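Quick one: the structure is below, questions incoming.
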Amino acid sequence: MKLYNTMTRQKEEFVPIREGKAGIYVCGPTVYDLIHIGNARPMIVFDTLRCYLEYRGYEVNYVSNFTDVDDKIIKRANEEGVDASVISERYIAEARKDMHDMNVREATVHPKATEEIPDMIQMVQTLIDKGYAYEVNGTVYFRTRRFQDYGKLSHKNLDDLRSGNRELKVSGQEEKEDNLDFVLWKPKKEGEPFWESPWGEGRPGWHLECSCMSKKYIGDVIDIHAGGEDLIFPHHENEIAQSEAANGTEFARYWMHNAFLKIDNEKMSKSLGNFFTVREIGEKYPLQVIRFFMLSAHYRSPLNFSDDLVEAAKNGLERILTAVERAEEALKQAEDSQPDDGQIRKVDELVEKYEAAMDDDLNTADAIAVIFELVRLSNTTIGEHVSKSYCEKILDTLELLCGILGIETHREEALLDEEIERLIEERQQARKDKDFARADAIRNELQDKGIVLEDTREGVKWKKI
RNA sequence: GGCGCGAUGGCCAAGUGGUAAGGCAAAGGUCUGCAACACCUCUAUCGCCGGUUCAAAUCCGGCUCGUGCCUCCA
């Protein structure tokens, strides 16, 4: 399997540190509010990566944190007059719910920053002992220039950074040895949560969390480190500096970054008013549609989000789900005959094509195209006098290929209430009596309630939209 | 200013040297009481200019437009 590595800027064959195992760390959200649609992209993309690696036989240790101590959380807590942990706990629970609805599976571990403070203090101490960090008035800074490789991920050189920040320096803190130095530990301010440390009461810097949590739950060297492309600099660059300086070894073998999501072709921002939470979207569409939509483009391409595009994705997904239903219907009528070798082979070829797409840096757009090819194959070959084993093969394969992408192939089982049941029967009677006006009126009435009817040879089918 | 990315049919989107996957939408047709579903048919020479090559959407150079990051935003 080939993966694009941000570090080398090319696709590389994925070779795990330990055969058959993969340690993946994905930077998670800061929990100060409901997660937004932009947060959803890395969650969906890298969950899919995980599924595919597991399908390929890897035992995946998937770690994704919740940043639960941060300025924005504290601000929110002060506004509501509650403890910061009330805010973070609330939004961790909400994030988990949204993730569940998007079929994003639980990570192997979801560490929280506040539960890893001792390890962070330990790492800061190590960095001070090695000369990579220094303390001034209760703040500990990382001595950026001391780390030779700084800038290797984002391909920046320190002097460019420095000139670009000349203006900031005027208003900046003069206590730093160098303007590029970043905070590892900051002293508490009034009303902020804090922890005891050798440098006084305070809290950890943002970058430090991920370095510690990945070390603790995966190891000094991790196979794949992933996140949104905006994290490349400075977050991931700083993580590398901290971890490699402290551990004396390479931090991550492969760096994967997803591109941004735009809304109506503009950058998502609160000021533009085009800021959507996953929860809001979920009220308009099943979140599985959003997952399908996001995987319909390559993860390294910017993806535009708009109602029209989601609507199109929804219709495409419907086609897949309908095909599964048809195949299931066919299976009921199928015969115990020998399947056609040629047809079986075609299905196998599609699976190979799908794997080739996924092996090529997780090309989910191509993988979905293969699923549609399988849908067409199914719709055109499944019918009367088809063998049971062929039907099963089609169904198993559809389920498998969709499953890897986190797409559930069965519509949610919704029970019809008696009223609706009665209306459907009444319509059938009207049709028998050739009272089509009445029949159509009932169909429209049900449609207004979100129930779509389809008259098939096997009887009336319905689905919720 | 520094470091990147992108430009493919009405819309979305694959495709890194051999004459353009797939989806959505639209149109025509088969099926159907009608509709829906499904199936069939139909829609592109790949931003512009030049170069390399037997051959380029795919490689090189230039241009135009758009866009991301440059200290806490996924």
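The values are calculated or read from the model by the stated rules, or taken from the named source; none is laboratory data. A quick note: this is a predicted structure, and the numbers were derived from the prediction, not measured. Heads up, the Cβs are rebuilt from the backbone with ideal geometry, glycines too, and the neighbour counts pull from every protein chain shown. These accessible areas exclude ligands, DNA and RNA; they are computed on the full protein's heavy atoms, side chains included. Shrake-Rupley method; radii C 1.70, N 1.55, O 1.52, S 1.80 Å.
Quick one: dipole size for segment A:170-278, taken about the Cα centre, charges +1 on Lys/Arg Cβ and -1 on Asp/Glu Cβ, in debye to the nearest 20.
My answer is approximately 400 debye.
Among A:Gly219, A:Leu180, A:Ile44, whose Cα sits farthest toward the positive end of the charge dipole of chain A (+1 at Cβ of Lys/Arg, -1 at Cβ of Asp/Glu, about the Cα centre)?
Most positive-ward Cα: A:Leu180.
With each label point set 7 Å from Cα along the Cα-Cβ vector, what nm distance links A:Lys270 and A:Asp360?
4.2 nm
Provide the solvent-accessible area of A:Glu192, counting protein heavy atoms only and rolling a 1.4 Å probe, rounded to the nearest 10 Å².
Only protein atoms counted, so the area is about 30 Å².
With every protein chain present, what is the per residue accessible area of segment A:291-378 (1.4 Å probe, Å²)?
46 Å²
Would you mind calculating the relative contact order of chain A from Cα pairs under 8 angstrom and at least 6 residues apart, reporting the percent as a whole number?
16 percent
Find the eigenvalues of the gyration tensor of the Cα atoms of segment A:125-283, then list the square roots of 5 times those eigenvalues as equivalent ellipsoid semi-axes, largest first, in whole angstrom.
28, 21, 19
Provide the gained length on full extension for the span A:Lys262 to A:Asp348, in nm with one decimal, where the gain is 0.36 nm per separating residue minus the Cα-Cα distance.
27.3 nm
Oh, and also: Calculate what fraction, in whole %, of the accessible area of segment A:1-127 sits on carbon and sulfur atoms when a 1.4 Å probe is rolled over the protein chains.
So the carbon and sulfur contribution to the accessible surface is 46 percent.
Straight distance only, please: which lysines reach the Cα of A:Lys461 with their own Cα at less than 20 Å, same-chain residues fewer than 8 apart left out?
Filter leaves A:Lys314, A:Lys332, A:Lys432, A:Lys434, A:Lys449.
Using a 1.4 Å probe on the protein heavy atoms only, what accessible surface does A:His410 show? Give it in Å² to the nearest 10.
Only protein atoms counted, so the area is about 70 Å².
For segment A:7-166, how many pairs of lysine residues have a Cα-Cα distance under 22 Å, where the two are 8 or more positions apart or belong to different chains?
Number of lysine pairs found: 8.
Among DSSP beta bridges whose residues both lie in chain A, state the antiparallel percentage, nearest 5.
50 percent
Tell me the relative contact order for segment A:304-459 as a rounded percent, counting alpha carbon contacts under 8 Å between residues six or more apart.
25 percent
What number comes out for the charge environment of A:Pro42, summing +1 per Lys or Arg and -1 per Asp or Glu over other residues with Cβ under 13 Å away?
Residues close to A:Pro42 contribute a combined charge of +1.
OK, next. Counting only DSSP beta bridges with both residues in segment A:1-96, tell me the antiparallel percent, nearest 5.
35 percent
Would you work out which of A:Leu287, A:Ile263, A:Ala297 lies farthest towards the positive end of the dipole of segment A:254-303? Charges go on Cβ: Lys and Arg +1, Asp and Glu -1.
A:Ala297
What is the spin-label model distance, in nm, from A:Arg105 to A:Ala441 if the labels are put 7 Å beyond Cα along the C-beta direction?
Output for this residue pair reads 5.2 nm.
Let me ask something else. Work out the length of the dipole vector of segment A:345-465 about its Cα centre, built from +1 on the beta-carbon of each Lys and Arg and -1 on the beta-carbon of each Asp and Glu, and round it to the nearest 20 debye.
640 debye
So what does A:Trp195 come to for accessible area, using a 1.4 Å probe and Å² rounded to 10?
Around 60 Å² of this residue is reachable by solvent.
Kindly write out, for segment A:384-400 in residue order, the coupling ³J(HN,Hα) from the Karplus curve 6.51 cos²θ - 1.76 cosθ + 1.60 (θ = phi - 60°), rounded to whole Hz, with x marking Gly and Pro.
Running phi through 6.51 cos²θ - 1.76 cosθ + 1.60 with θ = phi - 60° gives 5, 6, 9, 7, 4, 5, 5, 4, 5, 4, 4, 5, 4, 5, 4, 5, 5 Hz.
OK, next. To one decimal place, what orientation-averaged projected area in nm² is obtained for the convex hull of the Cα set of chain A?
Seen from a random direction, the Cα hull of chain A projects 27.1 nm² on average.
How large are Rg and Dmax for segment A:335-465 when calculated on the C-alpha trace, in angstrom?
My reading of the Cα-based Rg and Dmax gives 19.4, 58 Å.
A follow-up question, please. Return the long-range amide H neighbours of A:Asp181 (sequence gap of 5 or more, or a different chain), with a cut-off of under 5 Å between placed amide H atoms.
A:Thr144
Sort A:Lys186, A:Lys270, A:Lys11 from largest to smallest accessible area, using a 1.4 Å probe on the heavy atoms of the protein chains.
A:Lys270, A:Lys11, A:Lys186
HN-Hα J couplings of segment A:230-242 from phi, Karplus 6.51/-1.76/1.60, θ = phi - 60°, integer Hz, Gly and Pro as x?
The phi angles translate into 5, 7, 3, 10, x, 3, 6, 4, 5, 4, 4, 4, 5 Hz.
Show that you can apply the helix-only estimate: for chain A, add -39,500 (n - 2.57) for every DSSP H stretch of four or more residues, divide by all residues, and state [θ] at 222 nm to the nearest 500.
-15500 deg cm²/dmol
Would you please classify the overall shape of segment A:41-194 from the alpha carbon gyration tensor, given that a ≥ b ≥ c denote the square roots of the eigenvalues, rounded means a/c under 1.5, and beyond that prolate means a/b larger than b/c while oblate covers the rest?
Note, shape of segment A:41-194 comes out oblate.
Something else now. Please tell me the relative contact order of segment A:1-111 in percent, rounded to the nearest whole number, where contacts are Cα pairs under 8 Å and at least six residues apart.
After rounding, I find 30 percent.
Show the residues, 5+ positions off or on another chain, whose built amide H is closer than 5 Å to the amide H of A:His36.
Amide H neighbours of A:His36, under 5 Å, 5+ apart: A:Val278.
To the nearest 0.05, what FRET efficiency results for A:Arg411 and A:Asn179 with a Förster distance of 56 Å applied to their C-beta separation?
0.50
With a 1.4 Å probe and every protein chain kept in, tell me what percent of the accessible surface of segment A:325-465 is carbon plus sulfur.
45 percent
Can you compute 3J(HN,Hα) from phi for each residue in segment A:176-193, using the Karplus curve 6.51 cos²θ - 1.76 cosθ + 1.60 with θ = phi - 60°, rounded to whole Hz and x for Gly and Pro?
6, 5, 9, 4, 7, 5, 10, 7, 9, 9, 10, x, 6, 10, 4, x, 9, x
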